[in-house]
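Here's the structure, in structure tokens; my notes come after.
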Amino acid sequence: MQKINIKEGPKLEDYKAYGSLNNLVYEFLETTKKSIAELEGCTIWMINSTATGGGVAEMLPSQIRILRSLGVRIEWMVIEAKDESFFNLTKRIHNAIHASGDGIFTEEDRAIFEKVNAQNADRAVAAIQDGDLVVIHDPQPMPLAAMITKKRNVKMVWRCHIGLEEQNKTTRGVWSFLSDYFDSYDQFVFSLPSYVPEELKKKTSIITPAIDPLSHKNRILHTDKCIGILLQSGIISGREPLLYGYYEHQARRIMPDGSYNAVNHNSDLDLIYRPTVTEVSRWDRLKGFKELMDAFIMMKRENEASSDTSGVPYKRIKAARLILAGPDPAFVADDPEGEEVLNELIEQYQSIDPDLQADIAILLLPLDNPKENALIVNALQRFSNIIVQNSIQEGFGLTATEAMWKQRPVLVSGAAGLRFQVQHNVNGKINEDPTDLISLANMIKNMLNNPKERDKWGFNGQIRVIENFTLFSQIASWLSVLSKLR
């Protein structure tokens, strides 16, 4: 078990300085006074499986900084595991909750699950004191609750960031496996009401994920700063970065032969000069990367068959680029399938015509420096004409939230978490079936060729985020849930 140190970041005064956030901050401070007072004398412990990569690791630092500034004692710990079979198992659990796989889990699986958590329990118990509140995030550390409560008089919360609206044999199988741990928890938190298993509904609160508008991934980047970051990371080339040097670890691109190399080694990406469609996610089959690549290729081929090759719509589609970006899988310890999924995408990429390969970039974003990684994603999103989240299943989809905050038009699938955020033709577009390639290709084409509509969706998207999905609403909800357990 490793205790994570939180670096300095934006303060409440910084958020107040933004007109769009000012009222949110004041309302937050007024409505949370009672809850904060009720938490006096205890420490809140957040426990999850990784300090880098994924929405949980991104959300916690901002939440913790704000809560500490208000006088709340809160700490963050991450379980440690070297057993590859443990993360293979927890990935199967993750997939099964999304109805992928067979949903069959054995007592051998349970032994692996509990063994790794038991190896972390002593360190947790040594830090946690009677009267504290402990929040366990997602399935990986779920067995810890019973181990902690054997030795400490504390209240336990399980926060599940994933889910599926419809239940089937696979989901029932995984919830049956996890149900052995339910009794150790006093409260459950899910992202959407439809994700909650029937037997937990009476003990569940709903807290939607949210973004920190002033984090490195979401802060305002003016054009010169964006271009500087893209130069520093190796995503664009042509000149030396003006103010800062190159990042030690550069973004890499998949080459036509399947190898990794500098982004512009084989052909120029020309990101800042071309209409760009981007999806940024971890390498996961449920993110719909494969289907998005197929739809983009379909759109390109249909465009080449057009009878009018002189008009702007034809030229715009011909010039368009697709970027599929994700982390180097070696840096995401709890996602063993990442490299396997990436290799599948590489094989798909190698099979397409050379002229189309130049229009598609599979980018590996370095995670060695979390700040630099966040800035790269920020710059990529801000220089994209459309941000796509083509998830087959999606617990929530903060990548869409981030894009909407940046006034980037979004195209999302009908996965529940995305459909909850995006209002079709108001602040983005929804392609209900992410595997419907014809519909997906047509929507990308329609969005690229309607710049005024894109501007409208982007503007409305930011308002949607300000009103519903900033960290202040999220923290207020947490304070309400936790204070009621005291």
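What to note about this one:
Okay, residues lined up against (1) under 21 Å from residue 54 (Cβ atoms); (2) touching a Leu at 6+ places or on another chain (Cβ under 7 Å):
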site	(1), (2)
152	no, no
155	no, yes
161	yes, no
170	no, no
177	no, no
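- Matching entry among 475, 430 (being under 28 Å from residue 327 (Cα atoms), touching a His at 6+ places or on another chain (Cβ under 7 Å) and either free of Cβ contacts under 8 Å to residues at least 60 places away in the same chain or not assigned by TED's automatic domain parsing to the domain that holds residue 287 (or both)): 430
- Filtered by the rule that a residue be assigned to a loop (DSSP other than H, G, I, E, B), over 12 Å from residue 390 (Cα atoms) and not charged (D, E, K, R), segment 404-451 gives 407, 409, 422, 423, 425, 426, 427, 449, 450.
- Subset of segment 267-309 that is of a type in the set (Gly, Ala, Ser) and in a loop (DSSP other than H, G, I, E, B) - its residue that is modelled with the lowest pLDDT: 307
- For segment 147-244, the strands (runs of 3 or more DSSP E) that sit wholly inside it and include 1 or more residues that are of a type in the set (Ser, Thr, Tyr) and either under 30 Å from residue 267 (Cα atoms) or under 22 Å from the mean Cα position of the chain (by Cα) (or both) are 204-206.
- The lone exception for residue 344 - which of (1) surrounded by fewer than 21 Cβ atoms within 10 Å (Cβ to Cβ); (2) farther than 23 Å from residue 418 by Cβ; (3) modelled with pLDDT of 95 or more it fails: (2)
- Wholly enclosed strands (runs of 3 or more DSSP E) of segment 29-144 bearing at least 1 residues in contact with a Cys (Cβ under 7 Å, 6 or more places away or on another chain), buried (at least 16 other Cβ atoms within 10 Å of the Cβ) and at pLDDT 95 or above: 133-137
- Counting only residues that are surrounded by 24 or more Cβ atoms within 10 Å (Cβ to Cβ) and at positive phi, segment 381-430 holds 2 of them.
- Flag if residue 80 is in the same structural domain as residue 159 (by TED's automatic domain parsing), under 26 Å from residue 153 (Cα atoms) and charged (D, E, K, R): yes
- Residue ID - surrounded by the most Cβ atoms within 10 Å (Cβ to Cβ), chosen from residues in segment 431-446 that are within 21 Å of residue 398 (Cβ to Cβ) and touching a helix residue (DSSP H, G or I) at 6+ places or on another chain (Cβ under 6 Å): 434
The values are calculated or read from the model by the stated rules, or taken from the named source; none is laboratory data. Model, not experiment: these values are computed from the prediction. Note: ideal-geometry Cβ built from the backbone for every residue, glycine included; neighbour counts use all protein chains shown.
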